[in-house]
Amino acid sequence: MPVPTIIIFGASGDLTSRKLIPALFRLDSTGLLKEECQVVGMARTEHTSEEFRQLVEPKVKEAILASGQSWFAGTWSRFARRLHYVAGDAALPQGVRVLGDWLKNREADPGGDRLYYFAVAPELYTEIAARLGEAGHNREERGFRRVVVEKPFGRDLASAHEVNRQLNEHFSEKQIYRIDHYLGKDTVQNILVFRFGNSMFEPLWNRRYIDHIQITVAEKVTVGKRAGYYDTSGVLRDMFQSHLLQVLSLVAMEPPSQFSADRLRNEKVKVLDSILIPSPGEALASMATGQYTGYHDEKGVPQDSRTPTFAAVRLQVDNWRWKGVPFYLRSGKGMTNRYSEVTIQFREPPFRLFPQRLGHEPEANRITIVLQPDEGIKLSFQTKVPAIEGTELQARDLFFDYKGTYGSLPEAYERLLLDAMQGDASLFMRGDEIERSWEIIDPFVKSLAEANAPKPESYSIGSDGPPSANELLAKEGRVWQKLG
Ligand code: BG6
C-alpha cells in the first residue's frame, strides 16, 4: 500500500474538492491508503489546515452522496486528519520554499515518495514544474517524485509540444502522469478486456466484418459556469482531442505483447499514427458542427462566438485492419441525455435468405458498448419471430448490465490516483500520444477558424445535435445510433 505524500496544487479549485479529495477519501475507506499517507493542499488563499478541512467537507460529502454511498462523519474525521494545507503561490520560488519547509518539518516519511498533482490552470503546469525542479524537489534520491498533470494539455500541437519540452526539463517522461479521466473509467478499460480477454470477438474485429464504428459522448449539461474556459476551447479541443481519441485508440489498437504501460501505449500511438490527417478542405467536408441555442447568453460568451458545442467528425484509420472502415465520432453539450457509447456496426450478411418482419428494417449485427451512464454491452442479432407458419426475422438484444452484475463502479479518479501512487502509467497518456492527438485534431479546429468556414449550426437544447450531423452519415448511407 502506498505511503507517499500527495501534494495537490490548486487546492481551492473544484477539481480538488469534487473529485480528488473524494477519491482519496474512498481509497482510505476501502483501506487502500496507508495510515501515514498525507495529503497537502496548496493554494494562494490563506487558510489553516483545519479551515481547509472544513471548506472541502461539504463538497466531498455531496460527491459521496451523489454516487449513492453513505456518509459517515466519523470516517471523514479520521480521514481529514491526513489533510493539511499550505498557503502560497507554487509558481513562485517563495511558494515552493514554504512547501519545502512544510515537507521538511512534517512529512511522515522525510524525503520519501511524493506525488505532485497539478490541479491548476494549464498555464501554471510548466511554471510549477520549473519551481519544483529549481528547488531540487524533482530528484528521486530517497523516493519517487511524480507529477500528475490534468487536461487541457496544450491547445494545439505546438503548445502541447512546448509543455512537454518544458516539463521534461525538470521531470523525465517516467515521472510524468498525464490524466485523461476517461481512461480511469472501468467501462473504458473493459474495451480491452472485451477484445483481448475473449476469443470470440477479435477474429471479427476488422474491415472484413465491420462496416463502421461510432463513438458518441453526449452530455445533457450545458457549459454553465465554465463558459469562460469553454469558449476558448470548444468541443473539439475539450472532448475530441482527449476522450474521444483515447476511446478510439482502445477500440482500434492491436493487442499489445504485454499489459504494461509502454507496450500498451506503443500500440495506441500506432493507431493514432495511422489516422489520416486531413487538409483544411477535407476537414470541413468530414465534419459537422453545432452550437446549442442560448449559448450566447451564457455568462462570459461573446455575442459573436462561433465556438462549437457539438461536433461530428469522420476519421479514417488507414492501416491493414481498418482500411475503408469509417470511424464516426460525435460529442456535444446540451443534448438529450448524458450518454456515451461505442457502436461496432457489422456488415450485412452477404445474402438475405429470410424475409424481414413487416415494419422492421433489416439490421446488421451490432455491438454497443455503453460507457455511461447505464454501463453495459449490448449484442444485437436477428432472431426468428415465433410462428407456426413462415420465417420472419426481427433484431433482438443480449444485454450485459455492469451495475446489475457488479454493483456500483469505482470513480475514475480513484483508480488513476492509486495507479499513479503505484507507478503504473498504463492509464495515463504519454507525451507522444498527446502530441499526435493534437496533430489529428488541429486541422479540424483550424479549418473552422478560417474566415469562409461555415458557422456552427444551431440546435436546440435537449436534441440530438444539428441536422448536419445526420447528413454527414446519410451521404454515406448510414445513420447514427439513437441516443440511449
Ligand atoms: C471534461 C471536459 O474533460 O470531461 C468537460 O472538460 C466534460 O467539458 C467532462 O463535461 C465529461 O466527463 P464525464 O466523465 O462526465 O463524461
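The values are calculated or read from the model by the stated rules, or taken from the named source; none is laboratory data. Bear in mind that the values here come from a model prediction, so they are computed numbers and not experimental data. Cβ: placed from backbone, ideal geometry, glycine included. Neighbour counts: every protein chain shown.
Out of all the residues in the range 43-71, which are in a loop (DSSP other than H, G, I, E, B) and either among the small types (Gly, Ala, Ser) or within 18 Å of Leu33 (Cα to Cα) (or both)?
Residues of the range 43-71 that are in a loop (DSSP other than H, G, I, E, B), as a first pass: 44-48, 67-71.
Selection gives Ser67, Gly68, Ser70.
Taking Gly10, is it surrounded by fewer than 23 Cβ atoms within 10 Å (Cβ to Cβ), in contact with a strand residue (DSSP E or B) (Cβ under 7 Å, 6 or more places away or on another chain) and on the phi > 0 side of the Ramachandran plot? So Gly10 passes the test.
Within the range 396-413, is even one residue under 22 Å from Phe259 (Cβ atoms), away from the ligand (no atom under 16 Å from the Cβ), small (Gly, Ala, Ser) and in contact with a helix residue (DSSP H, G or I) (Cβ under 8 Å, 6 or more places away or on another chain)? No. Looking across Leu33, Leu27, one residue alone is assigned to a helix (DSSP H, G or I) and either surrounded by 22 or more Cβ atoms within 10 Å (Cβ to Cβ) or charged (D, E, K, R) (or both). It is Leu27.
Quick check on the range 32-50. Is at least one of its residues under 17 Å from His181 (Cβ atoms) and of a type in the set (D, E, K, R)? Within the range 32-50 (the criterion being under 17 Å from His181 (Cβ atoms) and of a type in the set (D, E, K, R)), the answer is no, since none of the residues qualifies.
Given the structure, is Gly281 modelled with pLDDT under 95, out of contact with any Phe, Trp or Tyr (no Cβ under 9 Å at 6 or more places or on another chain) and either surrounded by fewer than 18 Cβ atoms within 10 Å (Cβ to Cβ) or over 30 Å from Phe428 (Cβ atoms) (or both)?
Numbers: modelled with pLDDT under 95: yes; out of contact with any Phe, Trp or Tyr (no Cβ under 9 Å at 6 or more places or on another chain): yes; either surrounded by fewer than 18 Cβ atoms within 10 Å (Cβ to Cβ) or over 30 Å from Phe428 (Cβ atoms) (or both): yes.
Criteria met by Gly281.
Right, Leu371: assigned to a loop (DSSP other than H, G, I, E, B), within 16 Å of the ligand (Cβ to nearest atom) and of a type in the set (A, V, I, L, M, F, W, C) or not? So Leu371 does not fit the description; no. When Arg321, Arg366, Arg330 are checked against the criterion of being buried (at least 21 other Cβ atoms within 10 Å of the Cβ) and within 19 Å of Asp211 (Cβ to Cβ), a single residue qualifies: Arg330. Checking each residue in the range 384-403 for being of a type in the set (A, V, I, L, M, F, W, C), exposed (fewer than 11 other Cβ atoms within 10 Å of the Cβ) and at pLDDT below 95 picks out Ala387, Ile388. From the list Ser463, Ser437, the one residue that fits, being surrounded by fewer than 22 Cβ atoms within 10 Å (Cβ to Cβ), of a type in the set (Ser, Thr, Tyr) and within 26 Å of Lys220 (Cβ to Cβ), is Ser463.
Selection over the range 115-135 of residues that are outside any strand (DSSP E or B) and under 27 Å from Arg226 (Cα atoms) gives a count of 11. Tell me whether the range 444-456 contains one or more residues that are within 16 Å of the ligand (Cβ to nearest atom) and touching a helix residue (DSSP H, G or I) at 6+ places or on another chain (Cβ under 8 Å). Yes, the range 444-456 has at least one match. The requirement of being surrounded by 22 or more Cβ atoms within 10 Å (Cβ to Cβ) and touching a residue at least 12 places away in the same chain (Cβ under 8 Å) is not satisfied by Leu124. Give the range 146-176 a look and list any residue that's closer than 12 Å to Glu433 by Cα and surrounded by 23 or more Cβ atoms within 10 Å (Cβ to Cβ), or say none. Phe153, Ala160, listed by residue number. Would you be able to say whether some residue in the range 103-113 is crowded, with 19+ Cβ neighbours inside 10 Å, farther than 15 Å from Pro4 by Cβ and touching a residue at least 60 places away in the same chain (Cβ under 8 Å)? The answer is no, given that none of the residues of the range 103-113 is crowded, with 19+ Cβ neighbours inside 10 Å, farther than 15 Å from Pro4 by Cβ and touching a residue at least 60 places away in the same chain (Cβ under 8 Å). Only residues that are more than 16 Å from the ligand (Cβ to nearest atom) and in a strand (DSSP E or B) were counted in the range 338-352, giving 4.
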